[in-house]
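The structure under discussion appears below in the form of structure tokens.
The values are calculated or read from the model by the stated rules, or taken from the named source; none is laboratory data. All values reported here derive from a predicted model rather than from experimental measurement. With ideal geometry, Cβ positions are generated from the backbone for all residues, glycine too; neighbour counts draw on all protein chains shown.
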Ligand code: CU
Ligand code: CU
């Protein structure tokens with residue numbers, strides 16, 4: 001700054017000279033100079049600020065808002081498809097979530113005990129995520145299978161760090177009593193009678209529910225109809241569709257939830273049973289001529305799934321998992337809404353690899369695709 005040398009020579013040694021008048025005048029002039037410099041500085045600052053505002057207005061106009069402004073939307077940085085170089089080997093080494101419907105317990109009482117655990121899981125090859133896990137095995141939680149008319153005695157033990165709860169869509173029960181928050185270290189038991197057959201979502205209902213579901217707190221419960229049994233099939237598979245919103249790529253360190261992406265509904269990964277493309281690498285299987293039943297839940301937290309099997313047509317479909325009603329026949333794609341379910345039967349005679357997808361195709365690119373391998377055919381494929 002121009003005034004700097006002057007301030008040194010005059011202010012640091014004023015008492016070393018007897019020429020007082022000169023220094024008084026000099027001081028007045030200097031004061032004036034400082035005033036001018038100050039004024040110029042203020043003008044420059046105002047100018048710069050104006051320029052910044054202009055830049056900001058311009059950037060808002062083109063959709064790239066300035067990151068330092070808190071009242072302006074931040075750009076959402078996608079990690080879609082970002083995996084380490086050895087992704088294929090990791091995908092092959094990954095043990096897929098068992099999609100096979102487990103047997104329902106015998107007797108009139110089905111006891112279910114889920115322990116909530118905070119844990120790191122992989123949601124795509126080499127992509128780690130810090131989940132809140134029902135049952136301690138990642139997301140989704142275990143498939144629960146009961147028969148219509150059984151009483152489900154549900155115990156939730158909270159082994160996590162914050163309160164959680166469990167909400168069963170298969171239950172008719174007062175949620176303020178049954179779906180209440182359970183404090184860390186505590187357990188809570190409630191019972192309901194599974195009178196309504198179908199496949200239902202269960203999930204944590206603790207606020208903010210979006211965050212609890214997005215962090216992996218969801219699963220499926222199948223209530224097999226007994227009053228009006230379904231046609232017999234050869235294979236039963238359970239698929240829980242969901243999406244993941246990451247605050248990092250999850251490769252060096254685990255990602256956790258990006259709430260802005262969750263609100264914007266811009267997932268990085270979408271999956272069947274919690275891990276991108278796992279049934280492409282490890283296909284579900286059937287023999288030619290067998291009938292396969294898919295029990296599908298869309299857990300969201302927000303997005304629907306448009307269920308479709310490439311290369312065939314659903315012989316029977318129960319949209320909304322309305323298995324006590326009449327199925328639809330010969331349909332191609334059925335919406336499974338977030339928080340809903342559907343049941344789909346396919347009988348495939350010709351050996352081959354039949355992809356099952358959400359036919360909203362962004363989901364296929366993000367990982368919500370698998371293969372049904374019919375017969376002894378080679379290899380895998382992506383659709
Ligand atoms: Cu929770
Ligand atoms: Cu719900």
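Can you tell me which residue is surrounded by the most Cβ atoms within 10 Å (Cβ to Cβ) among those in region 170-180 that are within 16 Å of ligand 1 (Cβ to nearest atom) and part of a loop (DSSP other than H, G, I, E, B)?
By that ranking, first place goes to 179.
If only one of 160, 149 is in the same structural domain as residue 231 (by TED's automatic domain parsing), assigned to a loop (DSSP other than H, G, I, E, B) and closer than 23 Å to residue 326 by Cα, which one is it?
Only one candidate qualifies: 149.
Sort out for me the strands (runs of 3 or more DSSP E) sitting completely within region 267-383 that have 2 or more residues that are within 23 Å of the chain's Cα centre (by Cα).
So the answer is 269-272, 291-300, 305-309, 333-336, 340-347, 352-358, 369-374.
Out of 138, 160, 126, I need the residue that is on the phi > 0 side of the Ramachandran plot, under 21 Å from the mean Cα position of the chain (by Cα) and either within 15 Å of ligand 1 (Cβ to nearest atom) or free of Cβ contacts under 8 Å to residues at least 60 places away in the same chain (or both). Which one?
Selected residue: 138, the only one of 138, 160, 126 that is on the phi > 0 side of the Ramachandran plot, under 21 Å from the mean Cα position of the chain (by Cα) and either within 15 Å of ligand 1 (Cβ to nearest atom) or free of Cβ contacts under 8 Å to residues at least 60 places away in the same chain (or both).
Please work out if residue 199 is under 20 Å from residue 97 (Cα atoms) and more than 16 Å from ligand 1 (Cβ to nearest atom).
Values: under 20 Å from residue 97 (Cα atoms): yes; more than 16 Å from ligand 1 (Cβ to nearest atom): yes.
In short, yes.
Of the numbered conditions (1) at pLDDT 95 or above; (2) crowded, with 16+ Cβ neighbours inside 10 Å, residue 183 fails exactly one; give the number of that condition.
(2)
Determine, yes or no, whether residue 63 is modelled with pLDDT under 95 and either more than 30 Å from residue 216 (Cβ to Cβ) or in contact with a strand residue (DSSP E or B) (Cβ under 6 Å, 6 or more places away or on another chain) (or both).
Here the answer is yes, as residue 63 does meet what is asked.
Using the structure shown, decide if residue 215 is farther than 21 Å from residue 335 by Cβ, buried (at least 21 other Cβ atoms within 10 Å of the Cβ) and more than 13 Å from ligand 2 (Cβ to nearest atom).
Working: farther than 21 Å from residue 335 by Cβ: yes; buried (at least 21 other Cβ atoms within 10 Å of the Cβ): yes; more than 13 Å from ligand 2 (Cβ to nearest atom): yes.
So residue 215 fits the description; yes.
Considering only region 218-245, how many residues are more than 20 Å from residue 319 (Cβ to Cβ), more than 13 Å from ligand 2 (Cβ to nearest atom), in a strand (DSSP E or B) and within 15 Å of the chain's Cα centre (by Cα)?
Number of matching residues: 2.
Please enumerate the residues belonging to region 190-217 that are assigned to a strand (DSSP E or B) and within 16 Å of residue 295 (Cβ to Cβ).
198, 199, 200, 201, 202
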